[in-house]
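> Sharing a structure here in structure tokens format.
The values are calculated or read from the model by the stated rules, or taken from the named source; none is laboratory data. Remember, it's a predicted structure, so these values are computed and weren't measured experimentally. Neighbour counts run over all protein chains shown; Cβ positions are idealised from the backbone, glycine included. What goes into the accessible areas is simple: the full protein's heavy atoms, side chains included, and nothing from ligands, DNA or RNA. Shrake-Rupley method; radii C 1.70, N 1.55, O 1.52, S 1.80 Å.
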Amino acid sequence: MAPASSSWFCITLFIVSSLFFTPHAHALKAPFRSRDILPLLPRQLSWPILNSLHGAVDLLPTFVGAATSFNDTLEWKGACFYKNRAWMEFHNKSGSEFGGGTLHIEVTNAHSWTCMDLYVFATPYRVTWDYYFFSREHTLEFKEWEGKAEYEYVKHKGVSIFLMHGGMLGTLQALWDVFPLFTNTGWGENSNIGFLEKHMGASFEQRPQPWVTNITVDDIHSGDFLAISKIRGRWGGFETLEKWVSGAYAGHTAVCLKDSEGKLWVAESGHENEEGEDIIAVLPWDEWWDFELTKDDSNPHIALLPLHPDIRAKFNETAAWDYALSMSGKLYGYHNMIFSWIDTIDGNYPPPLDAHLVASVMTVWNQIQPAYAANMWNEALNKRLGTNGLALPDILVETEKRGSSFDELLTIPEQDDWLYSDGKSTSCIAFILEMYKEAGLFDPIASSIQVTEFTIKDAYTLKFFENNSSRLPKWCNDGDNVKLPYCQIKGKYRMELPGYNTMDPYPHMNERCPSLPPKYSRTKNC
């Protein structure tokens with residue numbers, strides 16, 4: 001064991017010294033860089049450094065451009081190779097009607113002898129990948145185009161090229177960072193907390209116990225809002241990414257309703273039924289609250305946001321119940337789930353996300369699970385085009401034919417009255433705000449409000465909620481030395497809701513709003 005330990009010590013010493021070496025006086029290429037061989041070291045030595053160099057977002061490729069003809073050569077700087085260019089050569093080696101093509105990629109000026117660049121290549125009809133280790137010209141063959149549509153698309157728009165900035169090892173490290181976000185462990189919970197602290201600037205201050213409030217249901221009224229933040233497991237990981245792209249500090253929502261006999265219920269879009277489907281459900285409070293206390297293993301943090309008395313006076317309880325019951329049992333609103341946060345061409349994508357990457361992810365899913373893709377976005381994209389039944393590749397081609405672009409298509413506001421193949425579609429927050437709309441809370445401008453364009457953050461910033469702490473229930477934030485303007489009723493960490501209860505509704509609200517981290521600033525009246 002001693003010789004091995006001595007060897008690792010020497011290697012470690014060399015790497016640590018190289019981390020602080022600045023080669024200003026040397027023109028020669030470094031034989032390797034420390035980050036290239038860090039993964040080869042013992043985990044306890046390498047991972048703290050790797051974690052400072054790479055993160056979960058290194059999984060997201062950056063769009064560098066689209067390669068078309070030799071006369072329109074694409075050039076860019078890579079993560080490993082600093083000088084790169086690409087062009088398309090069309091041919092008909094297959095003897096087919098539209099032939100195929102060769103993508104030429106020339107990579108030079110590597111920063112070290114051991115680095116490599118990893119790329120993803122996409123058209124509306126296919127996605128593939130390759131990596132480059134040697135400085136030379138490489139080729140990627142497309143033996144045969146899928147038909148005229150792909151041929152025309154590539155001829156005019158090219159093959160999209162995406163760079164994985166972390167490289168091969170960085171991407172593997174990033175995968176390791178993402179994996180725990182979805183694990184139902186303490187490691188997973190800490191990973192979600194760390195991601196939100198790093199990428200959103202969130203703080204997780206621990207509350208004094210008890211972490212569960214002894215609630216008096218008589219103090220809860222119809223229309224009171226429930227903001228929920230899950231920080232571990234499958235839903236914890238999903239909500240973390242949702243929070244990051246939207247700027248919301250909660251990932252799920254529900255709403256309270258009281259019936260004519262005074263019994264309290266919870267209406268929720270996203271309740272999992274016995275078949276494992278996420279549906280809209282109206283549940284007795286006791287059943288819902290017991291599940292959150294004893295069966296929800298995502299460590300949910302929950303805040304009750306009571307309506308302001310003046311707003312509560314406007315709340316039409318009968319209309320709210322009618323709406324909730326009409327939607328009960330319907331599937332969660334997958335159709336419009338992703339569109340609430342995409343309002344602008346380039347002001348809603350945390351780097352390195354962009355519309356090109358969204359299109360490529362959709363293309364991948366379209367190949368792997370076409371039924372899933374159709375449910376998630378194809379119908380919604382057809383709505384925006386005024387078409388019916390077009391698959392994703394045809395949608396992209398049709399968009400280009402009309403002189404538009406995919407990034408513009410994504411920004412077209414969702415309409416609340418759109419009917420999908422399985423009826424109206426509402427995410428957790430759209431379901432609540434549509435209920436508010438039916439109950440009269442957006443009057444007299446309800447006809448100019450599309451609630452499917454609202455994120456969870458957009459909802460809790462509405463000036464609908466109690467602004468006088470003396471009117472909050474006595475048990476609200478009981479035992480906490482920090483008195484929040486709402487009632488946190490469960491959770492170890494204090495819930496933040498930046499911008500809470502600050503914005504009056506206005507026509508076409510949230511249809512054209514930028515939202516980039518870490519401040520998620522919005523323009524006036526967007």
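> For A110, what residues show an amide H to amide H distance below 5 Å, using hydrogens built from the backbone and excluding near sequence neighbours?
Y82
> Counting only residues 5 or more places away or on other chains, whose amide H sits under 5 Å from the amide H of G65 once H atoms are built in the peptide plane?
Answer set, sorted by chain and number: I161.
> Can you flag which of K143/K383; K295/K483; K263/K474; K263/K490 are past 23 Å Cα-Cα?
K143/K383; K295/K483
> Here's something else I'd like to know. Taking the Cα atoms of the range 394-436, what is the range of coordinates along each of the three principal axes, in descending order and whole Å?
39, 20, 14
> Can you run phi through the Karplus equation (6.51, -1.76, 1.60; θ = phi - 60°) for the range 505-520 and list ³J(HN,Hα) in whole Hz, with x for Gly and Pro?
Along the range 505-520, the couplings run x, 8, x, 6, 4, 6, 8, 9, 9, x, 7, 10, x, x, 8, 6 Hz.
> Let me ask something else. Note down the magnitude of the dipole of the range 65-132 about its Cα centre, charges +1 on Lys and Arg C-beta and -1 on Asp and Glu C-beta and zero elsewhere, to the nearest 20 debye.
Using only the charged Cβ atoms, the result is roughly 100 debye.
> Now for a different question. Amide H to amide H, which residues 5 or more places from A202 or on other chains are under 5 Å from it, using H placed in the peptide plane?
E197
> For the residue pair N388 and D422, what label-to-label distance in nm results when each label sits 7 Å from Cα along the Cα-to-beta-carbon direction?
Going by the 7 Å Cα→Cβ label model, 2.1 nm.
> Within 14 Å, Cβ to Cβ, of A355, how many net charges do the neighbouring residues add up to if Lys/Arg are +1 and Asp/Glu are -1?
Taking every other residue near A355 into account, the sum is -4.
> Quick one: if you stick a label point 7 Å off each Cα along the C-beta vector at R85 and Y131, how many nm between them?
2.7
> Under 11 Å from the Cβ of G201, count the other residues' Cβ atoms, weight Lys and Arg +1, Asp and Glu -1, and hand me the total.
Once positives and negatives cancel, what remains is 0.
> Taking Cα pairs under 8 Å and at least six residues apart, what relative contact order does the range 364-479 come out at, in percent?
The value is 16 percent.
> Here's something else I'd like to know. Using +1 on the beta carbon of Lys and Arg, -1 on that of Asp and Glu, and nothing else charged, what's the dipole of the range 323-478 about the Cα centre, debye to 20?
Its charge dipole is roughly 360 debye.
> Specify which residue in the list H156, F238, I193 is farthest towards the positive end of the charge dipole of the range 153-282, using unit charges on the beta carbon of Lys, Arg (+1) and Asp, Glu (-1), about the Cα centre.
H156
> Okay, moving on. Can you find, among F431, N525, N477, the residue farthest towards the positive end of the dipole of the range 420-526? Put +1 on the C-beta of Lys and Arg, -1 on that of Asp and Glu.
Checked the options; the winner is N477.
> Related question: Within the range 250-305, which trypsin sites (Lys or Arg not before Pro) sit in a loop by DSSP and count at most 10 neighbouring Cβ atoms inside 10 Å?
K295
> Solvent-accessible area per residue for the range 203-318 at a 1.4 Å probe radius, Å²?
Solvent-accessible surface per residue comes out at 42 Å².
> Would you mind working out the accessible area per residue for the range 71-172, using a 1.4 Å probe, and quoting it in Å²?
On a per-residue basis, 49 Å².
> For the range 435-516, which trypsin sites (Lys or Arg not before Pro) are both in a DSSP coil and crowded by at most 11 other Cβ atoms within 10 Å? Don't jump to the answer; show the numbers that get you there.
On the way: sites: K437, K457, K463, R471, K474, K483, K490, K492, R494, R512; in loops: K463, K474, K483, K492, R494, R512.
Qualifying residues, ordered by number: K474, K483.
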